[in-house]
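The values are calculated or read from the model by the stated rules, or taken from the named source; none is laboratory data. All of these numbers come straight from a predicted model, not from anything done at the bench. Note that each Cβ is placed from the backbone with ideal geometry, even for glycine, and that neighbours are counted across all protein chains shown.
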Protein chains: 2
Amino acid sequence: MRVLITGGAGMLGRKLTRRLLERGHLRGEPVDAIDLVDLVEFGVESDTCTVHAADLSQPGETERLMALDPDVVFHLAAVVSAEAEADFDKGMKVNLDGTRRLFEAVRHSPITPRVVYASSIAVFGAPFPDPIPNDFHPTPLTSYGTQKLIGEALLADYSRRGFFDGIGIRLPTVSVRPGAPNAAASSFFSGIIREPLAGQRAELPVSRDVRHPHASPRAAVGFLLHAAELDTALLEGRRNLTMPGVSVTVGEQIEALGRVAGPDAVELITESPDPVVAGIVAGWPQRFDTARAEALGFAADATYDEIIQAHIEDGLA
Amino acid sequence: MRVLITGGAGMLGRKLTRRLLERGHLRGEPVDAIDLVDLVEFGVESDTCTVHAADLSQPGETERLMALDPDVVFHLAAVVSAEAEADFDKGMKVNLDGTRRLFEAVRHSPITPRVVYASSIAVFGAPFPDPIPNDFHPTPLTSYGTQKLIGEALLADYSRRGFFDGIGIRLPTVSVRPGAPNAAASSFFSGIIREPLAGQRAELPVSRDVRHPHASPRAAVGFLLHAAELDTALLEGRRNLTMPGVSVTVGEQIEALGRVAGPDAVELITESPDPVVAGIVAGWPQRFDTARAEALGFAADATYDEIIQAHIEDGLA
């Protein structure tokens, strides 16, 4: 069993790699090799892993990678939402052309691997019903969401034609994200938990009644692994599906922080309204009907308390 | 007012051109020039029209066309469903790359034209509720439908970013199509009316209870013109919409033929079941809730009888 992970240096890529090394098997076979792809070289402490520096949007690069004959491809590489909005051409090049080149290389390779594509709930844009039904139309309000949607459409058609065996999973906002805050408008969802747990101040730019679905990094990795192992015949041709999450308000996130870490942690959060962030977040989904994904065995965290606990257990890092 | 029409040599392109020449104005201004684009040169009998041979998927071609400074762009050019299914690479090149190159050229042109994009109900794929709601998710079952869906997603994002002012209209099956039968699985929908009206035999490959939405070429041209003139602020960011149609069964089509042309015409139809065609058509939409498009002023034919009458009035040709 050979596994290829694009975006291997990213947060999810690293956590997926660690989980694959820990469990040692995938789809009933031992994991003999993991090929980690990212724009630049990076260090890994495992003989099972090989790092490949590659820009998927450049001609020939995806063909070089597919010559490794992976049995499973996890396509996680992407320019994130804020960057794709700030630099339209870069987002199109990486998120659309990179994905298309990868799918084309898989199509022309001699094997037919499972392709797991990390899509996003950013494919949806307000106004929404509550909850958002399983068959609601995607109307993204960002270029990132548009590019992810196009990737979904390509994945479904490449799978329908038998070019590969694909599944697209729409991840909710992943929190608590480890590491430093980033430029994403969603950064505060993690920041208001992560910073107080580390004894640092955090700013809250939106109202406490903002509701949003969350998945821990641990749950997100679980989705990816389950997608790699699922019998795709069960998808009945509808290859892209919204993952379950814990839908909570910001106020409920903060209450969970208080239960897990005490009132001192909560005291470190300062309300600092930012109309720009609030405006962006107002266009985001709040709650999904994810009965379809749950029936297929995708399991979310049980509560936001559990999401905070997972962050603490995984080393706060 | 300068108008550019891609796919100008096609059936809809020709009928749209004729209608523009007849009415002489668009968006409250006289139509001074119509640029007709298609893969090869073709004849037009009007000083207002200029024909341009261009392959939109080739570098530089769309920039050359946008240098004409059109105020309105009708993007009708496409490889049809059957051909895009038979030749995947050609469909991707023309329907996806050609559309993207056109949109990019419009983005980089000094003006911000209205772009009217001919999409298709092929963006939808079974299973469906009946009727299909306005916010139902597109899950195409053909590469053509996938490519049209990607064009819709690009159009919405390019419009959101202000690169141009776009609207995508999903056309139902256009019948009665003039001219010869083609390779499309939908060809019989027109053939069972067109051929008997011309005194010729026609084969019916599906059951009479097959239901499908139809628009006459006249109604389809009306949709395109209305889309060019609509205040797109009314779309509230949801730039792609399903056009109304006359939803009838094949049996009801044949009854309408009998009312308009008499029993001798009906006698010319021979049942000739084709499981392949029947299988393809089984995945197609039957009936849409098009209240949104109707509220925006898009008007379908009143009845299938009227569709047949329009075909006769327009010269059976």
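Residues that are of a type in the set (A, V, I, L, M, F, W, C) and surrounded by fewer than 19 Cβ atoms within 10 Å (Cβ to Cβ) were ranked within the range B:255-276; the one that is nearest to A:T142 (Cα to Cα) is B:V276. Remark: A:I132 matches the filter, which requires a residue to be at pLDDT 95 or above and over 17 Å from the mean Cα position of the chain (by Cα). Can you name the number of the only condition in (1) under 21 Å from the mean Cα position of the chain (by Cα); (2) buried (at least 19 other Cβ atoms within 10 Å of the Cβ) that B:L65 fails? Here B:L65 meets the rest and fails (1). Among the residues of this structure, A:G262 does not count as one that is over 13 Å from the mean Cα position of the chain (by Cα), among the small types (G, A, S), over 28 Å from A:G10 (Cβ atoms) and assigned by TED's automatic domain parsing to the domain that holds A:L76.
Note on the range A:106-126: among residues that are surrounded by fewer than 21 Cβ atoms within 10 Å (Cβ to Cβ) and within 14 Å of chain B (Cβ to nearest Cβ), the one that is nearest to A:A220 (Cα to Cα) is A:A126. Taking the criterion of being at pLDDT below 95, farther than 19 Å from A:K93 by Cα and under 21 Å from the mean Cα position of the chain (by Cα), the only residue of the range A:13-43 that qualifies is A:F42. Do we have any residue at all in the range A:95-103 that's within 14 Å of chain B (Cβ to nearest Cβ) and touching a strand residue (DSSP E or B) at 6+ places or on another chain (Cβ under 7 Å)? Yes; the residues of the range A:95-103 include at least one that is within 14 Å of chain B (Cβ to nearest Cβ) and touching a strand residue (DSSP E or B) at 6+ places or on another chain (Cβ under 7 Å). If only residues of the range B:218-232 that are out of contact with any helix residue (DSSP H, G or I) (no Cβ under 8 Å at 6 or more places or on another chain) and over 13 Å from B:L16 (Cα atoms) are counted, the one that is surrounded by the fewest Cβ atoms within 10 Å (Cβ to Cβ) is B:D231. Of the residues A:T99, A:T139, the single one that is at negative phi, over 16 Å from the mean Cα position of the chain (by Cα) and of a type in the set (V, I, T) is A:T139. Just one of the listed residues (B:V79, B:V73) is within 19 Å of the chain's Cα centre (by Cα), in a loop (DSSP other than H, G, I, E, B) and either within 14 Å of another protein chain (Cβ to nearest Cβ) or in contact (Cβ under 8 Å) with a residue 40 or more places away in the chain (or both), and it is B:V79. Taking each residue of the range B:177-200 that is at positive phi and looking for partners that are assigned to a loop (DSSP other than H, G, I, E, B) and modelled with pLDDT under 90 with beta-carbon atoms closer than 9 Å, six or more apart or interchain, yields B:G179/B:A317.
Scanning the range A:238-277 for residues that are touching a Gly at 6+ places or on another chain (Cβ under 7 Å) and within 14 Å of chain B (Cβ to nearest Cβ) yields A:R239, A:N240.
Checking each residue in the range B:45-60 for being assigned to a loop (DSSP other than H, G, I, E, B) and under 21 Å from the mean Cα position of the chain (by Cα) picks out B:A54, B:D55, B:L56, B:S57.
When the range A:233-254 is filtered for residues that are over 22 Å from A:G145 (Cβ atoms), surrounded by 15 or more Cβ atoms within 10 Å (Cβ to Cβ) and not aliphatic (A, V, I, L, M), the ones remaining, listed by number, are A:G237, A:T249, A:E252, A:Q253. Of all residues in the range B:266-317, those satisfying the criterion of being of a type outside the set (V, I, T), assigned to a helix (DSSP H, G or I) and over 22 Å from B:E255 (Cα atoms) are B:P275, B:G279, B:A291, B:R292, B:A293, B:E294, B:A295. Each residue in the range B:127-152 was checked for being among the aromatic types (F, W, Y) and surrounded by fewer than 22 Cβ atoms within 10 Å (Cβ to Cβ), and 2 of them qualify.
In the range A:217-237, the residues that are more than 14 Å from chain B (Cβ to nearest Cβ) and within 15 Å of A:H75 (Cα to Cα) reach residues that are assigned to a helix (DSSP H, G or I) and of a type in the set (A, V, I, L, M) with C-beta atoms within less than 8 angstrom, at least six apart or across chains, in these pairs: A:A220/A:L12; A:V221/A:L12; A:V221/A:L16; A:L224/A:L12; A:L224/A:L16; A:L225/A:L16; A:L225/A:L20. Across the range B:127-183, the number of residues qualifying as within 13 Å of another protein chain (Cβ to nearest Cβ), of a type outside the set (D, E, K, R) and assigned to a loop (DSSP other than H, G, I, E, B) comes to 13. All of (1) more than 18 Å from the chain's Cα centre (by Cα); (2) surrounded by 21 or more Cβ atoms within 10 Å (Cβ to Cβ); (3) facing another protein chain (nearest Cβ under 8 Å); (4) within 25 Å of A:A282 (Cβ to Cβ) hold for A:I193 with one exception: (3). Does the range B:2-28 hold any residues that are in contact (Cβ under 8 Å) with a residue 40 or more places away in the chain and assigned to a strand (DSSP E or B), and which are they? Once the filter is applied, which keeps residues that are in contact (Cβ under 8 Å) with a residue 40 or more places away in the chain and assigned to a strand (DSSP E or B), the range B:2-28 yields B:R2, B:V3, B:L4, B:I5, B:T6, B:L26.
Criterion applied to A:V106, A:V72, A:V94, A:V51 was being in the same structural domain as A:D165 (by TED's automatic domain parsing), within 19 Å of A:H226 (Cβ to Cβ), of a type in the set (V, I, T) and at pLDDT 95 or above, and the one residue passing it is A:V72. Considering only residues that are out of contact with any Ser or Thr (no Cβ under 8 Å at 6 or more places or on another chain) and closer than 10 Å to A:N240 by Cβ, which ones fall in the range A:130-148? Passing the criteria: only A:P138.
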